[in-house]
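Take a look at the structure set out below.
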Amino acid sequence: MLWFSVWLVLVLLTLLGAYLLGRRLWRSGKALAAELGRANDLADRLDALRTELAAKYPPPTPPRPHLDAGPAELTGFLALRHEHLAGISRRKRARVVRATRHWTSIVTPR
């Protein structure tokens, strides 16, 4: 009779542990599903913002020269080309400064 009660207690404790584990997994699964829903909403919002910004600020297109351009058109073209190249180098410098600042913040001990 003693072994029967020992086995009965072991089985009941195992069932209780399985119930508690299953309940925790169920709650974690529900929380994960809710978080995935919020992440999906955020991704949709970011995609809408990206398309809005792409429409508002299109990427710059480099100017194309005319083969039979006169001196005035050629001067205008060279000035426009110079502005375009200056903008590219300005954006590159800003990106390098941002990256350097980021890496410095990572490797600097606190």
Would you confirm, using the coordinates I've provided, whether ALA55 is among the hydrophobic types (A, V, I, L, M, F, W, C) and surrounded by 10 or more Cβ atoms within 10 Å (Cβ to Cβ)?
no
Among the residues of region 32-49, is any assigned to a helix (DSSP H, G or I), farther than 30 Å from ILE88 by Cα, over 34 Å from the mean Cα position of the chain (by Cα) and not β-branched (Val, Ile, Thr)?
no
Against the condition of a type in the set (Val, Ile, Thr), under 30 Å from HIS84 (Cα atoms) and in a loop (DSSP other than H, G, I, E, B), how does THR61 come out, does it pass?
yes
Exposed (fewer than 10 other Cβ atoms within 10 Å of the Cβ) and of a type in the set (D, E, K, R), is that true of ASP47?
no
Residue pairs within 9 Å by beta carbon, gap of at least six or interchain, first lying in region 52-63 and touching a residue at least 12 places away in the same chain (Cβ under 8 Å), second open to solvent by less than 80 Å² (accessible area, probe 1.4 Å) and not small (Gly, Ala, Ser), listed first then second, are PRO60/HIS84; PRO60/ILE88; PRO62/HIS84; PRO63/PHE77; PRO63/HIS84
For LEU67, state whether it is assigned to a helix (DSSP H, G or I), free of Cβ contacts under 8 Å to residues at least 60 places away in the same chain, hydrophobic (A, V, I, L, M, F, W, C) and at negative phi.
no
Using the structure shown, decide if ALA72 is of a type in the set (Gly, Ala, Ser) and either within 20 Å of the chain's Cα centre (by Cα) or surrounded by 10 or more Cβ atoms within 10 Å (Cβ to Cβ) (or both).
no
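The values are calculated or read from the model by the stated rules, or taken from the named source; none is laboratory data. Values in this document were obtained by computation on a predicted structure and should not be read as measured data. Note: ideal-geometry Cβ built from the backbone for every residue, glycine included; neighbour counts use all protein chains shown. Each accessible area value is taken on the protein alone, full model and side chains, heavy atoms only, with ligands, DNA and RNA left out. Shrake-Rupley method; radii C 1.70, N 1.55, O 1.52, S 1.80 Å.
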